[in-house]
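Worksheet: one structure, shown below.
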Amino acid sequence: MAKAPTVMNTSSNHTGARPAPTRVRPFEVTQKLPRLQKMVFGKQLAPTRERYDQLVDALWQGDEPMDALLDWIMEDNARERRGMYDKAVKEGIDAVDNAPQPLKDFFALVDRDPAWLDRELLEEGVGVVQSLGEFGLYIMRDQALMVGYLLSGFNHALVATGALNKGASQRTGETLKWWMDCTEHGGMERFGEGFINTLHVRWVHSMVRRHLQTRKEWDNNEWGIPANQTDMIATYLAFGSVLLLGVRLGGVIITPHESRAVMHLWKYAGWLMGVEEKWLVDSEMEGFRLLRHTQATQSRPDWTSKELGEALSKEPFDRIYPWKNKFPRLHKLYLKYEYHSHLSLTRLFLSREQMSALGLPAWVLPWYPAMTTPLRIARGVHQRASRADKRTLEKKGREQQIYRMKAVFGEREHGIIQPDENHPAHIG
């Protein structure tokens, strides 16, 4: 295990004095693009030297407003002050008697809508995501999450917070619950569940930044600070650009306006999560390029990729559908089908070598997308031609998403992460 480094001031700006963490790929390597990517996306898919340096610097940067508030909370009476924060999140700053100035300052920031926010466009983005139905969840799981495990620089913070011990089904369920809250109509309003739970996740990230650095298994010099700006950029873009790319490849028709709406939804979620405004993008293509640029700071797959990938691949076997007890043998067979269909969809995006790096069988073929993509294309064409009611499509899609989420949680309570005593974000 690496020796624990001195805890960094996560809110300060990098002046160039700190060396790049060893996880970072050399700049020259980032300029070598596969021929197909260069043809489709152009040279801009490779980062400029300036962009590369900015993203390397961002490995040393946290979330200044939240980190400053956390410094005040942990200074004295941490449990009481944390209680004030929770009350302000759920009920508003005016509900806190004699609210201290640090708390007022933070909520003066998050309670105001940024000048660029278009609530109507955001709600349209919510509708698009809901209309994707279960296939949207498949893309988030099998492309955004699974493929993301190839980037081991991001994985080590997950492992250090107990991601492997918790189990893939619980971890997937918590992420899915937050995603569902953010994509509910009204969910990102001030007292919506998406807004509230995003601020909870923001708090957890700040606690991880503060405390994980004191543990022997974490080394800033190798990974940068935990939950840094660069990794948060990659996370929020996965819910926008990666989702849109994946569903398009799966045969879903997305108009330019719908694309902008989905990106706007996750732009606001990213802002609320603590991503600096300079990294927030409006277009799908701009987001994809920025996501590709963040990969310059990511290490190659390692043991964490294999452990997390293999664990996620087996997650379907833990699902419980409401008809399990009535048809136990059929339920067991259906879970095997889901296991193989998820692997097949992942194979659409990965090579055999990458599948092996994730601990997945390399012989898998993309039969699931091959069988279902023509159906989605035909359905989309028919819906556009017949001018199908959007609200009806959203309702049906949302019902599919809720059904899948309930199966992932099984008999467990539907909730987002609540750090236990072994988690860096726990307050005793």
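The values are calculated or read from the model by the stated rules, or taken from the named source; none is laboratory data. Bear in mind that the values here come from a model prediction, so they are computed numbers and not experimental data. Using ideal geometry, Cβ is built from the backbone for each residue, glycine included, and neighbour counts are taken over all protein chains shown.
Brief remarks on what is shown
- Residues in segment 302-313 that are modelled with pLDDT of 95 or more and assigned to a loop (DSSP other than H, G, I, E, B): there are none.
- Filter result (surrounded by 14 or more Cβ atoms within 10 Å (Cβ to Cβ) and of a type in the set (Gly, Ala, Ser)) within segment 363-380: Gly380
- Breaking point among (1) part of a helix (DSSP H, G or I); (2) touching a residue at least 60 places away in the same chain (Cβ under 8 Å); (3) over 19 Å from Ala20 (Cα atoms); (4) among the aliphatic types (A, V, I, L, M), for Met232: (3)
- Restricting Arg347, Arg329, Arg376, Arg404 to those that are more than 20 Å from Gly251 (Cα to Cα) and out of contact with any helix residue (DSSP H, G or I) (no Cβ under 6 Å at 6 or more places or on another chain) reduces the list to Arg329.
- Looking across segment 139-183, not a single residue is within 30 Å of Glu120 (Cβ to Cβ) and more than 14 Å from the chain's Cα centre (by Cα).
- Some residue of segment 70-81 being more than 30 Å from Arg18 (Cα to Cα), touching a residue at least 60 places away in the same chain (Cβ under 8 Å), part of a helix (DSSP H, G or I) and over 25 Å from the mean Cα position of the chain (by Cα): yes
- Selection within segment 382-404 - among the hydroxyl-bearing types (Ser, Thr, Tyr) and either touching a strand residue (DSSP E or B) at 6+ places or on another chain (Cβ under 9 Å) or at pLDDT 95 or above (or both): Tyr403
- Against the numbered list (1) in contact (Cβ under 8 Å) with a residue 24 or more places away in the chain; (2) closer than 30 Å to Trp203 by Cα; (3) part of a helix (DSSP H, G or I), Ser299 comes up short only at (3).
- Qualifying residue in segment 109-128 (condition: touching a residue at least 12 places away in the same chain (Cβ under 8 Å) and at positive phi): no
- Given (1) exposed (fewer than 11 other Cβ atoms within 10 Å of the Cβ); (2) in contact (Cβ under 8 Å) with a residue 60 or more places away in the chain, index of the condition Ala357 fails: (1)
To keep it simple, each residue is scored yes or no on (1) in contact (Cβ under 8 Å) with a residue 40 or more places away in the chain; (2) in contact with a His (Cβ under 8 Å, 6 or more places away or on another chain); (3) over 30 Å from Ala370 (Cβ atoms).
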| position | (1), (2), (3) |
| --- | --- |
| Ile253 | yes, no, no |
| Met263 | yes, no, no |
| Gly274 | yes, yes, yes |
| Asp282 | no, yes, yes |
| Met285 | yes, no, no |
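- Cβ-Cβ distances below 7 Å connect the following pairs, each with a first residue in segment 373-384 that is among the polar types (S, T, N, Q), a second residue that is in a helix (DSSP H, G or I) and surrounded by 15 or more Cβ atoms within 10 Å (Cβ to Cβ), and a separation of six or more residues or different chains: Gln383/Leu393.
- When segment 235-254 is filtered for residues that are small (Gly, Ala, Ser), within 21 Å of Ala296 (Cα to Cα) and surrounded by fewer than 24 Cβ atoms within 10 Å (Cβ to Cβ), only Ala238 remains.
- Listed by position, the helices (runs of 4 or more DSSP H) inside segment 315-428 whose residues that are more than 30 Å from Trp218 (Cβ to Cβ) and of a type outside the set (A, V, I, L, M) number at least 3 are 328-349, 367-385, 390-409.
- Within segment 273-296, the residues that satisfy the criterion of being under 26 Å from Tyr138 (Cβ atoms) and part of a helix (DSSP H, G or I) are Met273, Glu284, Met285, Glu286, Gly287, Phe288, Arg289, Leu290, Leu291, Arg292, Thr294, Gln295.
- Just so you know, in segment 302-350 the residues that are farther than 17 Å from Ala168 by Cα and charged (D, E, K, R) include one that is surrounded by the most Cβ atoms within 10 Å (Cβ to Cβ), and it is Arg347.
- A single entry from Arg248, Arg215, Arg260, Arg209 fulfils the requirement of being over 15 Å from the mean Cα position of the chain (by Cα), among the basic types (Lys, Arg) and not in a helix (DSSP H, G or I): Arg215.
- Summed over segment 159-206, residues that are charged (D, E, K, R), closer than 18 Å to Asp111 by Cβ and not in a helix (DSSP H, G or I) total 2.
- Residue check for Leu291: within 23 Å of Trp60 (Cα to Cα) and modelled with pLDDT under 95: yes
- Among the candidates Gly380, Gly410, Gly415, residue that is under 21 Å from the mean Cα position of the chain (by Cα) and among the small types (Gly, Ala, Ser): Gly415
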